[in-house]
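J.: A single structure is presented below for examination.
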Amino acid sequence: MTVPGSPVRVLLCDDDPLVRSGLRLILAAAPDIDVVAEAGSGEEAVELSLAHYPDVVLMDLRMPGIGGIEATRRLRALARPPRVLVLTTFDVDEVPVRALVAGADGFLLKTASEQIAGAIRAVASGDGAFSPETSRRLTAHIRAGGAPRRAEARRLVAELSPREREVVRLVGDGRSNPEIARALFIGEATVKTHLAAAQVKLGVTGRTQVAVLAERAGLLPP
């Protein structure tokens, strides 16, 4: 978890040293972001995360070895899991969904270099970050039925407390943590506590998965 006021600790994971160098240069212009390590494979990303405890891993998908999706799954299973922001040139229909199921918190194309720093800040604070292309694909996936069935989603949501349900509804509505805090007249730390508890009860690991369940459970207006 990012300590308020301290730089966001980032681990770069890409098998191309030139790409990692370019990302480091981009992030060097952001004084609130600190690149603490670089990994050339998914396996190395897991090892270095255990050594450096980054807040965010900037993850490529297409790498030799276990690849970015499996690496994301392993990172999210750690006792102190980092947030994962997927960054790739590979954007076909099923890839964003697979990355999110594995536990990714955001998905950007490498061509969106001007958005990377902002996306890192967003996922470090508990929000999601997605390119417009990815958002459209995820919306289409949900509408096509590629999410938990409505009855199952409603059963899961019924396990939430009233406040957790409100937080989940507002996440599904696209609200950030500060916006949720203002809407419910509670602190951001309390929002994060309710959201974390809801994720455990819902069996999901990412903000977007929470939003999918909110939609399937009928918490959002049609």
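J.: How would you rank 65-74, 109-118, highest first, on the average number of other Cβ atoms within 10 Å across their residues?
T.: Values: 65-74: 20.8, 109-118: 14.8.
The packing order, highest mean first, is 65-74, 109-118.
J.: Taking 7 Å along the Cα-to-C-beta vector as the label spot, tell me the Ser161-Lys110 distance in nanometres, rounded to one decimal.
T.: The modelled label-to-label distance comes out at 4.5 nm.
J.: Rounded to the nearest Å, what's the spacing between the alpha carbon centres of segment 152-222 and segment 1-62? Just the number, please.
T.: So the two Cα centres are separated by 28 Å.
J.: Further question: So what's the back-of-envelope 222 nm ellipticity for the chain, counting only DSSP H runs of four-plus at -39500 (n - 2.57) apiece and dividing by all residues, rounded to 500? Let's see the in-between values first.
T.: On the way: 11 runs with 115 residues, N = 222.
Calculated at 222 nm, the ellipticity per residue is -15500 deg cm²/dmol.
J.: Compute the accessible area per residue over the chain, keeping the other protein chains in place, probe 1.4 Å, unit Å². List each step's numbers first, then the result.
T.: Values: 10640 Å² over 222 residues.
Per residue, the chain has an accessible area of 48 Å².
J.: Another question about this same structure. Which order do the peptides 176-187, 49-60 come out in when sorted by mean C-beta neighbours inside 10 angstrom, highest first?
T.: Numbers: 176-187: 15.6, 49-60: 21.7.
Packing order, densest peptide first, comes out as 49-60, 176-187.
J.: Same structure again: If I compute solvent accessible area with a 1.4 Å probe over the protein chains, what percent of it on the chain is carbon and sulfur?
T.: Details: 5880 of 10640 Å².
About 55 percent, which is the carbon plus sulfur part of the accessible surface.
J.: Here is a further query. Could you compute how fast the chain diffuses translationally, taking Rh as the Kirkwood radius over C-alpha pairs and applying Stokes-Einstein at 25 °C with viscosity 0.890 mPa s? Give it in µm² per second. Walk me through the numbers on the way to the answer.
T.: Working: Rh = 17.6 Å.
D = 139 µm²/s.
The values are calculated or read from the model by the stated rules, or taken from the named source; none is laboratory data. These numbers were taken from a predicted model, which means no experiment stands behind them. Here Cβ is always computed from backbone atoms with ideal geometry, including for glycine, and neighbour counts include all displayed protein chains. Calculation scope for accessible area: heavy atoms of the full protein, side chains included, ligands and nucleic acids excluded. Shrake-Rupley method; radii C 1.70, N 1.55, O 1.52, S 1.80 Å.
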